[in-house]
Every structure is written in structure tokens, then in C-alpha cells.
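The values are calculated or read from the model by the stated rules, or taken from the named source; none is laboratory data. What you see is a predicted model; the values in this text were computed from it and never measured. Every residue, glycine among them, receives a Cβ derived from its backbone with ideal geometry; neighbour counts consider all protein chains shown.
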Amino acid sequence: MSKDDAFFWEGAQEGRLLLRSCASCGEIAHPPLPMCPHCHGLEWGTVEASGRGTVYAWLCSKHPNQADDKGRIVVLVDLEEGVRLVSNLLDTEIDEVTAGAPVAVTFVEVDGQILPQFRMTGDSA
Ligand SMILES: [Zn+2]
């Protein structure tokens, strides 16, 4: 966690998925950048994402010290806002995940920190 993405974690504590948008041109940048790649603006605001997106890529991450651990599914989500977010996919099996599957954000407390995670919505893409 750094100063640049503090807004993201503060938003998550309130159950909001916040993204950084350029104050000059409105372009959304994620991960947050110091300078807008489009207009070189240095002023940023935040926009609340819809929390909907589709699966772009995924992998199963197993804990190295727990051989029988089911592992968690790490996904790269294409958000509706046009940016990609790395998160975890909950309540599904790795072989049920497909590219382009619709997902929606959900907020889950992990070790006292509320994190944005995703679930497959079951809607047809
Ligand atoms: Zn800009």
C-alpha cells in the first residue's frame, strides 16, 4: 500500500471500488499513475466503478507450505471502465472459469482488511 493507492483501500473499507480518473481529461488509470498518460495532467479525482467486468486471465495460486490447500483463484478482471484489476475469484472451481465470464465485485474482510474480490455472476456474456 502506498500513498498513491490509499484512496483505493479507503474506498474498499466503505464497500466501494474506486478508480483514479484524470481531472483534466477524465481518463481512468489503474494502477494509479503519478501523471496522466493521455494529457500529462497531474491532478486526479476518483470515480466509483460499477464493479462489473469479465475474466481476462486467471491462475490458481497454491500456498507453498500447505500441499492440501485448495488454493485461490487469482484473476485479471477487465472492468467495464476499461481498466484491468488483479483480484481473487471466490466460490468457484478453477475448471469452471472461462475467458470472458462475467464477474461482479464483492467485498470480503481478510485479516481485518476489507478487500475487493470477485464472483462469477452466471449471466451469459
Ligand atoms: Zn488526462
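Numbers at a glance
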item: Scan of region 1-22 for residues that are part of a loop (DSSP other than H, G, I, E, B) and either farther than 18 Å from GLY82 by Cβ or not aliphatic (A, V, I, L, M) (or both), ordered by number; result: MET1, SER2, GLU14, GLY15, ARG16
item: Residue list for region 19-59, filter: among the hydroxyl-bearing types (Ser, Thr, Tyr) and more than 9 Å from the ligand (Cβ to nearest atom); result: THR46, SER50, THR54, TYR56
item: Subset of region 10-28 (residues that are surrounded by 15 or more Cβ atoms within 10 Å (Cβ to Cβ) and hydrophobic (A, V, I, L, M, F, W, C)); result: ALA12, LEU17, LEU18, LEU19, CYS22, ILE28
item: Yes/no for GLU80 being surrounded by fewer than 16 Cβ atoms within 10 Å (Cβ to Cβ), within 16 Å of the chain's Cα centre (by Cα), more than 21 Å from GLN13 (Cα to Cα) and not assigned by TED's automatic domain parsing to the domain that holds ALA6; result: yes
item: Qualifying strands (runs of 3 or more DSSP E) (wholly inside region 40-100; at least 1 residues being touching a His at 6+ places or on another chain (Cβ under 9 Å)); result: 72-79, 84-90
item: Answer residue from region 31-90, given it is in contact (Cβ under 8 Å) with a residue 40 or more places away in the chain and of a type in the set (Val, Ile, Thr) and is farthest from VAL105 (Cα to Cα) among those; result: VAL83
item: Single residue of ALA6, ALA57 found to be of a type outside the set (S, T, N, Q) and over 26 Å from VAL97 (Cβ atoms); result: ALA6
